[in-house]
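One structure is given here, and the rest of the page talks about it.
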Amino acid sequence: MAIEITDKAVEEVRRMMQKEGVQAAGLRVGVKGGGCSGLSYNLTFESQSRTGDKVFEREDVKLFCDLKSYIYLNGTVLDYDSGLMGKGFVFMNPNAKKSCGCGSSFST
């Protein structure tokens, strides 16, 4: 399986990189301990992948994911929502058994 990124998320990553003047090679997608449900999603721009990373690409946007995070994110779809309830990246994670109300943390 893989980590996928939707067209809307690709557009937003490009927009953010241009706005911030970032010349990064890709977006690091990961998880870290914390948040109201146990694990929190983490997104950062990075100039290159690290040794052992899984690398996924859609058009010209690359996603980097370390192996520890990949255990929790395998099969996830990263989307971007700009609806009335707010805007931001949305993780559709089939491994999450429980999520918090804001969608930024989960547990397995």
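Structure summary
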read-out: Cα-Cα over 23 Å, subset of K19/K68; K68/K97; K19/K62; K19/K87; value: K19/K68
read-out: For K62, distant residues with modelled amide H under 5 Å away; value: L27
read-out: J(HN,Hα) series, the stretch 67-82, from Karplus relation 6.51 cos²θ - 1.76 cosθ + 1.60, nearest Hz, glycine and proline x; value: 5, 4, 5, 4, 4, 8, 10, 4, x, 6, 10, 8, 10, 10, 10, 10
read-out: Where trypsin sites (Lys or Arg not before Pro) fall in DSSP loop in the stretch 1-98, at most 15 other Cβ within 10 Å; value: R50, K97
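Here, each number is a calculation from the coordinates, and none is a lab measurement. Note that the structure is predicted; figures quoted are calculated from it, not measured. Cβ coordinates were reconstructed from backbone atoms using ideal geometry, including for glycine residues, and neighbour counts include every protein chain displayed.
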